[in-house]
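Working notes, structure below.
The values are calculated or read from the model by the stated rules, or taken from the named source; none is laboratory data. Just so it is clear, the structure is predicted and the values come from calculations on it, not from any experiment. Here the Cβ positions follow ideal geometry from the backbone for every residue, glycine too, while neighbour counts run over all protein chains shown. Side chains are part of the model used for accessible areas, which takes the heavy atoms of the whole protein and leaves out ligands, DNA and RNA. Shrake-Rupley method; radii C 1.70, N 1.55, O 1.52, S 1.80 Å.
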Amino acid sequence: MILISHRGNTDGKHESYENEPNYVDKAIDEGFDVEIDIWMVEGILFLGHDKPQYGISQDWLNKRYERLWIHCKNVEAMEWFNMIEGFNYFWHQEDTVTLTSFNHIWAYPGKQPIKNSIAVMPEIYNDDILYCKGVCSDYIKNYK
């Protein structure tokens, strides 16, 4: 099963650290993939959930690309990733599912069971993850 840390969280929600580059690296160092939120503003990439917070470079992304699930937070970010290859990215809001650029089914919380999908935050609704390909959670250590 693919285990994905939600914004770098591994053992609970810690909003003040979410999407912070060193926090993301800590989750990767612990062996997890990480879902991150990315914005593009005036040609600059930023991490941050509700707003652009932490400037990052393409080099930062290139060094971690195999472990990142990139949630594009604005159209500019989506357009930028669509022009380059090698990154697993997606856009969604409250859709039941969306497909990532690597054709993974990313399922909104509470929508399980969906075979071969990534269950997002299944603990919120006690989702059945038996047939899922992976899980994305703030409590990802609980799924090891």
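Some notes on this structure:
- Chymotrypsin sites (Phe, Trp or Tyr not before Pro) lying in DSSP loop within the stretch 42-144, provided at most 14 other Cβ fall within 10 Å: Phe102, Tyr131
- For the residue pairs Lys26/Lys51; Lys26/Lys111; Lys73/Lys144; Lys13/Lys51, alpha carbon separations beyond 25 Å are given by Lys26/Lys111; Lys73/Lys144.
- Compared with the direct C-alpha span, the chain from Gln93 to Glu79 gains 3.4 nm at full extension, assuming 0.36 nm per residue.
- Applying the criteria of a DSSP loop state and at most 10 other Cβ atoms within 10 Å to the GluC sites (Glu not before Pro) of the stretch 1-64 yields Glu42.
- Sites listed here are trypsin sites (Lys or Arg not before Pro) in the stretch 1-39 whose DSSP assignment is loop and whose Cβ has at most 16 other Cβ atoms within 10 Å: Lys13.
- The residues of the stretch 36-144 present an accessible area of 56 Å² per residue when probed at 1.4 Å with all protein chains retained.
- The stretch 25-134 - percent relative contact order, Cα under 8 Å, separation 6 or more: 15
- Measuring nothing but protein heavy atoms, the accessible surface of the chain at 1.4 Å probe radius is 47 percent carbon and sulfur.
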